[in-house]
Amino acid sequence: MTKIVNHWIGGKTVEGASGTYGPVTDPATGAVTTKVAFATVDEVDAAVAAAKDAYATWGTSSLAKRTTILFKFRALLDANRDAIAELITAEHGKVHSDALGEVARGLEIVDLACGITVQLKGELSTEVASKVDVASIRQPLGVVAGITPFNFPAMVPMWMFPIAIATGNTFVLKPSEKDPSASLKIAELLAEAGLPDGVFNVVHGDKVAVDRLLEHPDVKAVSFVGSTPIARYIHTTASANGKRVQALGGAKNHMLVLPDADLDAAADAVVSAAYGSAGERCMAISAVVAVGAVGDELVEKIRERAEKIKIGPGNDPTSEMGPLITKVHRDKVASYVTGAAAEGAEVVLDGSGYTVEGFEDGHWIGISLLDKVPTTAKAYTDEIFGPVLCVLRVDTYDEGVALINSSPFGNGTAIFTRDGGAARRFQLEIEAGMVGVNVPIPVPVGYHSFGGWKDSLFGDHHIYGNDGTHFYTRGKVVTTRWPDPADGPTGVDLGFPRNH
């Protein structure tokens, strides 16, 4: 019997009423294992209404109450790591260790939310004028929404809702329809932790559900992570409807390798960063820029390591890389490799025809390595979102920086070098939101914010960290004057307070 994933509205499971369902496959076998209900406009409205009703009391609840519930949720999340990771592997395909790592990174943001009291402290200036004080405070927005991608079905929602909830908002999540089960497990754990009904809701669906959230008058802010075209659409549409928006888009992350770099360390790092999670992550290194004469040796070291990666089902403990999310995506990723030679690249490793014995119908693709890739090749210009690494050659550091900065994306980048001066120049000169120095994937820890530049971010706020707190709250400044009790009656002064 096929499993059915329904909505979570007002603290309970709500069966889909539309009659429309989307297929969820096991990427390792290609078999449809689950159906997910697609929400109608009315069902989205019901979720928003539940969140609005809950906000009436949650928005004015004490910080102590909110954080107490979040601490309980954190303990439950920690105890259920394996169960959530198994759901991720079954629907996304990533290996179990990757899935566990995803949950761990989400836990970092829950930790941050548990300590949100520090971020919500206001400011006070006394005696700005005679007996006049000015205070700044931050208050929640109301109902906020999150629209999240398939590649991190647990972590990316946890980049959003813990901070939103901790700061007093209520939340409606629209997860990817490709791997929806983790979001329902999270909803159940929040309820078990004591979160009041309606504070966290989940609606599944497609563009119908997304567009309704973008236009709904009671949704005050929208957070999104996904591709650049959709991020641009989310930002434009939600902003036109008067909403606050943080929309994180795609990437083409570069690693600059200087001639003095430890090439073994660089090769280890790039293999992990390019092929981990089958390349399905916005912080994957997909382009290596080799400076000077190091290119040949570096490519050979990458090839040696890449050929040893064991590809197989995510629930096999010996597998190091799993399948891609869908057959359509697998075929698209493969097309970049099969067309690379015609665009001037040298194909060092071609994984486009890879299959796994006994799982021939899975969405498999092997490791691909392309060398001497022209900047005009589609394998370089497009975000592939798969295990395909491009190597480009330049003669100098300056040429490498200019190449990276010419990309329309500016999510993350890295430099590998032993030269502190070169690293310092790079972190100041490079046009990207996140920079790694001898660190291939510079995803910030939870108390710093995540976000890119250029076509990798639409909106004014990065996600989580201090930016996350500011995004989910708005500032208010209160000016007060309390006459001293000893002062006698005075006349009415309708002017501005005097500063001296």
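The values are calculated or read from the model by the stated rules, or taken from the named source; none is laboratory data. Computed from a prediction, not measured in an experiment: that's the story for all the values here. All Cβ positions, glycine included, derive from the backbone under ideal geometry; neighbour counts span all protein chains shown. Heavy atoms of the whole protein, side chains included, go into the accessibility calculation; ligands, DNA and RNA do not. Shrake-Rupley method; radii C 1.70, N 1.55, O 1.52, S 1.80 Å.
Examine segment 311-326 for a residue that is open to solvent by less than 40 Å² (accessible area, probe 1.4 Å), free of Cβ contacts under 8 Å to residues at least 24 places away in the same chain and polar (S, T, N, Q), and state whether such a residue exists.
Checking segment 311-326: not a single residue is open to solvent by less than 40 Å² (accessible area, probe 1.4 Å), free of Cβ contacts under 8 Å to residues at least 24 places away in the same chain and polar (S, T, N, Q).
Only residues that are more than 26 Å from the chain's Cα centre (by Cα) and of a type outside the set (D, E): list them for segment 13-29, please.
Within segment 13-29, V14, G16, A17, S18, G19, T20, T29 meet the criteria.
For segment 369-411, enumerate the residues that are under 25 Å from K94 (Cα atoms) and in contact with a His (Cβ under 9 Å, 6 or more places away or on another chain).
Correct list: F385, G386.
Does segment 235-243 contain any residue that is among the aliphatic types (A, V, I, L, M) and under 21 Å from the mean Cα position of the chain (by Cα)?
yes
Give me the pairs, please: first residue somewhere in segment 380-407 and basic (K, R), second residue anywhere and open to solvent by 30 Å² or more (accessible area, probe 1.4 Å) and at pLDDT 95 or above, beta-carbon distance under 8 Å, and either six or more positions apart or on two chains.
Close Cβ pairs satisfying both conditions: R393/K372.
Take residues that are within 16 Å of the chain's Cα centre (by Cα), under 28 Å from P323 (Cβ atoms) and among the hydrophobic types (A, V, I, L, M, F, W, C) and tell me which of the strands (runs of 3 or more DSSP E) falling wholly in segment 121-200 contain 2 or more.
In segment 121-200, there are no strands (runs of 3 or more DSSP E) which contain 2 or more residues that are within 16 Å of the chain's Cα centre (by Cα), under 28 Å from P323 (Cβ atoms) and among the hydrophobic types (A, V, I, L, M, F, W, C).
Report every pair of residues separated by at least 6 positions or lying on different chains whose Cβ atoms are under 9 Å apart, first residue within segment 138-149 and surrounded by fewer than 24 Cβ atoms within 10 Å (Cβ to Cβ), second at pLDDT below 95 and among the aliphatic types (A, V, I, L, M).
Qualifying pairs under 9 Å: R138/L120.
Please tell me if V299 is in contact with a His (Cβ under 9 Å, 6 or more places away or on another chain) and β-branched (V, I, T).
No.
Checking T469 against (1) at pLDDT 90 or above; (2) open to solvent by 50 Å² or more (accessible area, probe 1.4 Å); (3) not small (G, A, S): exactly one of these is not met. Which one?
Condition not satisfied by T469: (2).
Kindly establish whether A377 is open to solvent by less than 50 Å² (accessible area, probe 1.4 Å) and in contact with a Pro (Cβ under 7 Å, 6 or more places away or on another chain).
No.
Just one of (1) open to solvent by 10 Å² or more (accessible area, probe 1.4 Å); (2) in contact (Cβ under 8 Å) with a residue 60 or more places away in the chain; (3) over 26 Å from F150 (Cα atoms); (4) out of contact with any Pro (no Cβ under 9 Å at 6 or more places or on another chain) trips up G295, so point out which.
(1)
Among the residues of segment 363-381, is any among the charged types (D, E, K, R), modelled with pLDDT of 95 or more, under 30 Å from T326 (Cα atoms) and touching a helix residue (DSSP H, G or I) at 6+ places or on another chain (Cβ under 7 Å)?
Yes: segment 363-381 contains one or more residues that are among the charged types (D, E, K, R), modelled with pLDDT of 95 or more, under 30 Å from T326 (Cα atoms) and touching a helix residue (DSSP H, G or I) at 6+ places or on another chain (Cβ under 7 Å).
Taking segment 201-212 on its own, how many of its residues are under 12 Å from P175 (Cβ atoms) and in a helix (DSSP H, G or I)?
2
Table: residues versus (1) touching a helix residue (DSSP H, G or I) at 6+ places or on another chain (Cβ under 8 Å); (2) closer than 25 Å to L248 by Cβ; (3) β-branched (V, I, T); (4) open to solvent by 10 Å² or more (accessible area, probe 1.4 Å).
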position	(1), (2), (3), (4)
C390	yes, yes, no, no
V394	yes, no, yes, no
D398	no, no, no, yes
G421	no, no, no, yes
G433	no, yes, no, yes
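Any idea which residue in segment 429-445 is farthest from V288 (Cα to Cα), counting only those that are more than 17 Å from the chain's Cα centre (by Cα) and not in a loop (DSSP other than H, G, I, E, B)?
Selected residue: E429.
Of all strands (runs of 3 or more DSSP E) completely enclosed by segment 7-107, which ones contain at least 1 residues that are open to solvent by 20 Å² or more (accessible area, probe 1.4 Å), touching a Ser or Thr at 6+ places or on another chain (Cβ under 7 Å) and without any contact (Cβ under 8 Å) to a residue 40 or more places away in the chain?
Answer list for segment 7-107: 32-37.
What about I230, is it touching a helix residue (DSSP H, G or I) at 6+ places or on another chain (Cβ under 8 Å) and β-branched (V, I, T)?
It is false that I230 is touching a helix residue (DSSP H, G or I) at 6+ places or on another chain (Cβ under 8 Å) and β-branched (V, I, T).
So which residues in segment 239-256 are among the small types (G, A, S) and farther than 16 Å from E431 by Cβ?
Once the filter is applied, which keeps residues that are among the small types (G, A, S) and farther than 16 Å from E431 by Cβ, segment 239-256 yields S239, A240, G242, A247.
Checking G30 against (1) of a type outside the set (F, W, Y); (2) within 26 Å of T170 (Cβ to Cβ); (3) touching a helix residue (DSSP H, G or I) at 6+ places or on another chain (Cβ under 7 Å), which single condition isn't satisfied?
Condition (2) is where G30 drops out.
Is it the case that some residue within segment 113-125 is polar (S, T, N, Q), surrounded by fewer than 17 Cβ atoms within 10 Å (Cβ to Cβ), over 30 Å from G312 (Cβ atoms) and modelled with pLDDT of 95 or more?
Yes - at least one qualifying residue is present in segment 113-125.
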